Amino acid sequence: MIKAAVMGATGYAGAELVRLLSGHPEAEIVFLASHSYAGRKFSDIYPGMRTVCDITLSDDDIAKAASSGADVLFLALPAGLASSYVTPALLDRMKVIDLGADYRLHSADTYSAWYRTEHHSSELLAEAVYGLVEIHRDEIRGRRLVANPGCYTTCSILTLYPLVREGLIDPDTIVIDAKSGTSGAGRSEKLGSLFCEVNENFKAYGVATHRHTPEIEQELSAAAGRDIVLQFTPHLVPMNRGILATCYAKLRPGVSDDDVARAYSMYKDEPFIRLVDGSPETRYVKGTNTVDIGWRIDSRTGNIIAMGAIDNLGKGAAGQAVQNMNLLFGLDERTGLQIAAGSPF
């Protein structure tokens, strides 16, 4: 059994991770921490987990986590904290999967510019691997520090990656219009996340400044073999969970629908990617680790509209973290994640 520890266990992503690990046939939770709820049982905070996970929460103490006997430590913490906790000595004791942003970007300067905080262990950036399994599977195996990708980025990168890699689009024309449910804003109390502020409303936010932008650019630039600068605008939708990314780009001259289909065939054996005919819908991926991707070519404008849907707490966070754990420990990456969306949707 893989012994797992989670810090930041009572945030939405952390709680989803606890739910998945509790049902994982090859994992055992040995340590849970929450700064806000230390001393209380996890199931007191999330009553739906009564008898499933009644572990008493500790404070966010990295020394306690390190001495817990865990094989893997998941960090579901605000930006800046993971980089102050992770050290080479910690990595000698356990593998670390960071659900936050601290190790996703290759440059500490880029990280500081977008996240407005200091990176406290920039020497580890070269060791960290970007944990988007469908693209970096071979690099992840054998590593001890994994940067779990962001939710918007997972959806956007996987939706666009085949088109960029195969040179089917002009990467300078990429526009990503993405929508997320309110759980993406986290569980802390914020005016903008209150029911009366969100319900019956739809808005863009982080316009031209959203922190996931450099992450998307970094990975698509690697696919293109050149620097890409793109337009990314997120929106808040009055639903609990889910992301839909609608991505626009100009097709290269002569590119056909068959060419596009061949490019997306790179995903034909991926267990968590489904290519769909038409527009993906968030309800069909809710609660899962699945990405649904579809596309349409607009012959009138010469553009392609590529669409992706994920659960922001699933493939966008906790599910992806478990997928990375499975890969790190030599398990079938589907273990504990073969979950279909519920019905009614």
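Quick notes on this one:
- Looking across segment 67-85 at every residue that is touching a helix residue (DSSP H, G or I) at 6+ places or on another chain (Cβ under 6 Å) and aliphatic (A, V, I, L, M), the one that is modelled with the lowest pLDDT is identified as 79.
- Selection count where residues are in contact (Cβ under 8 Å) with a residue 40 or more places away in the chain and assigned to a loop (DSSP other than H, G, I, E, B), scope segment 1-38: 8
- Considering residues of segment 310-345 that are farther than 23 Å from residue 14 by Cβ and of a type in the set (Gly, Ala, Ser) only, the residue modelled with the highest pLDDT: 330
- Subset of segment 213-248 that is small (Gly, Ala, Ser) and within 23 Å of the chain's Cα centre (by Cα) - its residue that is farthest from residue 148 (Cα to Cα): 224
- Inclusion of residue 125 among residues that are buried (at least 16 other Cβ atoms within 10 Å of the Cβ) and over 26 Å from residue 86 (Cα atoms) is not warranted.
- Test: residue 44 is closer than 26 Å to residue 117 by Cα and either over 23 Å from the mean Cα position of the chain (by Cα) or of a type in the set (A, V, I, L, M) (or both): no
- Looking across segment 294-327, the residues that are crowded, with 24+ Cβ neighbours inside 10 Å and of a type in the set (A, V, I, L, M) come down to 306, 309, 310, 313, 317, 318, 321, 322, 325.
- Any chance residue 65 is in contact with a Ser or Thr (Cβ under 9 Å, 6 or more places away or on another chain), under 20 Å from residue 287 (Cβ atoms), in contact (Cβ under 8 Å) with a residue 40 or more places away in the chain and surrounded by 23 or more Cβ atoms within 10 Å (Cβ to Cβ): no
- Selection count where residues are within 24 Å of residue 254 (Cα to Cα) and not in a loop (DSSP other than H, G, I, E, B), scope segment 158-183: 16
- Checking residue 312 against (1) in a loop (DSSP other than H, G, I, E, B); (2) closer than 21 Å to residue 212 by Cβ; (3) without any contact (Cβ under 8 Å) to a residue 60 or more places away in the chain; (4) of a type outside the set (Lys, Arg), the condition it does not meet: (3)
The values are calculated or read from the model by the stated rules, or taken from the named source; none is laboratory data. All values reported here derive from a predicted model rather than from experimental measurement. Positions of Cβ are backbone-derived with ideal geometry, glycine not excepted, and every protein chain shown enters the neighbour counts.
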